[in-house]
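Presented below is the structure to which this report refers.
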Amino acid sequence: MKVDGKHYRSIWFNEEAGCAQIIDQRWLPHEFRVVDLETREDFAASIRDMWVRGAPLIGATAAFAISAEMKRDPSDANLDEAWDELHATRPTAINLRWALNEMRNTLRPLPEAERAEAAHKRALEVNDEDVETNRMIGVHGLEIIRKIAAKKKPGEVVNILTHCNAGWLATVDWGTATSPMYHAQAAGIPIHIWVDETRPRNQGALLTSWEMNSHDIPHHLIVDNAGGHLMQHGQVDLVIVGTDRTTAHGDVCNKIGTYLKALAAYDNNVPFYVALPSPTIDWTVKDGVTEIPIEERDGEEVTHVQGKLPDGSIGSVQISPDGTPGGNPAFDVTPRRLITGLITERGVCEPSPEGLAAMFPDRVLD
Ligand code: MRU
């Protein structure tokens, strides 16, 4: 999508520099910094410390990491070591494991001399596939928005609430939850987005708002607790969120606070949709609450808030008393009974074993 009118992906391979480059998201929206990723440690740190984040982008970054490693040392031992080190960086988003497996399964059967080139090619494909997948999520999600708009008076705005950042910065391009929004805007449907700030790291405030501004999509930033109130007062027509891992039975793990939004939506008959590329489905797990590992992040993300200081620099301020520890589970699970539908690249399906199996008969395990 666009930054100051210029098209960007969130990650790309720079042929001249000979390495992958990313937009370093730790400084957005206040500073736009592009960073080279060259060594295994660069890649691992970029995922672990959230220079890049969002499930699909984490996967795309891991694919470039394996490609860089194969250039350095294409041995089986190095492939396995890199797989293990990268896999340990963030535990919840399943796209990481998906991309690492995709790369290893492509490379393992090849002679070492062919691995660097094959890895580069597959990493580029993984990235391109993500872009096309998300575009298709937008095509299918648009129909949901179109139906809601059709029930309104001509020109009346469709209000969509979203949580965290499942925008283009969380993917290679388009975003998942935001792709239907861009498609609706292009189709001339008037939309307005309620952007949850998404404490503790404020991905909504910092990233989604920035994306909406860049594309002139009308929006308001709201505190995380405002959603229920807005729904009670008819100010939310639908919710669209992303996901870090969706089970084969349709439970959805996403940024902490998503579950509470789903409860409020259910109580107010507001449709609650989850947008996801198929690599986000973990076909090996069924019950999200008991089977998905939830990342516990540093408590300092809760006790401190980062932002632009009056002198224009970026800094962090402590908002709690000295000595109060922060508790920081980063994700929660929304049970499928609270979800209206899953928007995938193949179409919209029910969040159920049957719904997912019918949409992906070639992927389902049993
Ligand atoms: O901790 P983050 O910022 O990586 O969490 C991101 C989310 O929870 C997104 O909603 C999810 O990855 C879907 S991104 C298309």
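The values are calculated or read from the model by the stated rules, or taken from the named source; none is laboratory data. From a predicted model like this one, the values you see are computed outputs, not experimental measurements. Please note: Cβ atoms are built from the backbone with ideal geometry, for glycine as well, and neighbour counts cover all protein chains shown. Side chains included, ligands, DNA and RNA excluded: accessible areas come from the protein's heavy atoms. Shrake-Rupley method; radii C 1.70, N 1.55, O 1.52, S 1.80 Å.
Structure data summary
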{"item": "Qualifying residue in the range 187-201 (condition: within 11 Å of the ligand (Cβ to nearest atom), in the same structural domain as Val274 (by TED's automatic domain parsing) and open to solvent by 10 Å² or more (accessible area, probe 1.4 Å))", "result": "yes"}
{"item": "Of the criteria (1) open to solvent by less than 10 Å² (accessible area, probe 1.4 Å); (2) more than 25 Å from Trp210 (Cβ to Cβ); (3) within 16 Å of the ligand (Cβ to nearest atom), which one Gly341 fails", "result": "(3)"}
{"item": "Where Pro218 falls short, out of the listed (1) free of Cβ contacts under 8 Å to residues at least 12 places away in the same chain; (2) touching a His at 6+ places or on another chain (Cβ under 8 Å)", "result": "(1)"}
{"item": "Selection status of Gly141, touching a strand residue (DSSP E or B) at 6+ places or on another chain (Cβ under 6 Å) and either touching a residue at least 60 places away in the same chain (Cβ under 8 Å) or of a type outside the set (Asp, Glu) (or both)", "result": "yes"}
{"item": "Selected residue [in contact with a Pro (Cβ under 9 Å, 6 or more places away or on another chain) and not assigned by TED's automatic domain parsing to the domain that holds Thr243] from Ala99, Ala68", "result": "Ala99"}
{"item": "Tally, over the range 88-124, of residues that are of a type in the set (A, V, I, L, M, F, W, C), more than 19 Å from Gln21 (Cα to Cα), more than 16 Å from the ligand (Cβ to nearest atom) and surrounded by fewer than 21 Cβ atoms within 10 Å (Cβ to Cβ)", "result": "3"}
{"item": "Enumeration of residues in the range 38-87 that are more than 20 Å from Thr106 (Cβ to Cβ), crowded, with 24+ Cβ neighbours inside 10 Å and away from the ligand (no atom under 11 Å from the Cβ)", "result": "Ser46"}
{"item": "Check on Thr247, among the β-branched types (Val, Ile, Thr), assigned by TED's automatic domain parsing to the domain that holds Val348, within 16 Å of the ligand (Cβ to nearest atom) and at pLDDT 95 or above", "result": "yes"}
{"item": "Total residues in the range 308-362, condition free of Cβ contacts under 8 Å to residues at least 24 places away in the same chain and in a strand (DSSP E or B)", "result": "5"}
{"item": "Given (1) of a type outside the set (Val, Ile, Thr); (2) more than 14 Å from the ligand (Cβ to nearest atom); (3) open to solvent by 20 Å² or more (accessible area, probe 1.4 Å), index of the condition Asp298 fails", "result": "(2)"}
{"item": "One residue from Ala82, Ala77 being assigned by TED's automatic domain parsing to the domain that holds Arg53, closer than 19 Å to Ile58 by Cβ and modelled with pLDDT of 95 or more", "result": "Ala82"}
{"item": "Selection from the range 27-54 of residues that are part of a loop (DSSP other than H, G, I, E, B), over 15 Å from the mean Cα position of the chain (by Cα) and under 18 Å from Ile314 (Cα atoms)", "result": "Trp27, Leu28, Pro29, His30, Glu31, Phe32, Arg33, Asp49"}
{"item": "Unmet criterion (only one of (1) within 16 Å of the ligand (Cβ to nearest atom); (2) surrounded by fewer than 18 Cβ atoms within 10 Å (Cβ to Cβ); (3) farther than 17 Å from His87 by Cβ) for Asn14", "result": "(1)"}
{"item": "Residue match in the range 146-165 (condition: open to solvent by less than 20 Å² (accessible area, probe 1.4 Å), in the same structural domain as Lys308 (by TED's automatic domain parsing) and part of a helix (DSSP H, G or I))", "result": "no"}
